[in-house]
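The structure appears right after this line, and notes come after that.
No lab work stands behind these numbers, since they all come straight from the coordinates. Keep in mind it's a predicted model, so treat the numbers as computed, not measured. Neighbour counts are summed over all protein chains in view; Cβ atoms, including those assigned to glycine, are modelled from backbone coordinates with ideal geometry.
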Amino acid sequence: MLTLLVLTSVVLLSAAPQSEAIVVYTGWERHALVGSDIRLSCSFFSWRWTSDDVTFSWSYRPDGAKDSISIFHYTNGVPYVDNKGPFRDRLEFVGNPARRDGSILIRNLDFYDNGTFTCDAKNPPDIVGRPSSVRLLVFEKNSQVPVQSQFRLV
Ligand SMILES: *[C@@H]1O[C@H](CO)[C@@H](O)[C@H](O)[C@H]1NC(C)=O
């Protein structure tokens, strides 16, 4: 009986890690005005303790483009902003990896920054999971003017 119990728990324990996976969360869609800053958040769920080797990586695909470019990595405890692409001088890491937060801040948004930002996270040995994406739409500062003038005309 005891042997059966031990065997059962051994089987359960060894099966569990395979069904576990990391789940990455970002927002779904964000709106912002030209010239403003935006924080794009990324977090993850994992059954394991937060690893010292937690990594985050962000990529960006401009609207209409086929390929994504890598824009940011956090690995070995160090944030790296890629030195290519539209955000090389405007991106700052504002996350807290110990709290599973891989958020980035993009400063001084441009009208042409519309696109999809994808975050991937790994919490070794928990590394199996799908990246999550958030769409950014940037509006011109005066984009509400037509709506307001319509009200004034009525
Ligand atoms: C970005 O998206 C907004 C909202 O859809 C749109 O008004 C604007 O024209 C887009 N910018 C560009 C450069 O396409």
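Using the Cβ-Cβ distance between A21 and S70 with R0 set to 22 Å, the FRET efficiency from 1/(1 + (r/R0)^6) comes to roughly 0.45.
Entry note, the range 19-139: relative contact order of 39 percent, from Cα contacts under 8 Å with a spacing of 6+ residues.
Phi angles of the range 52-69 translate, via the Karplus equation with coefficients 6.51, -1.76, 1.60 and θ = phi - 60°, into HN-Hα couplings of 5, 9, 4, 10, 10, 9, 10, 10, 9, 10, x, 3, x, 8, 8, 10, 8, 10 Hz per residue; Gly and Pro are given as x.
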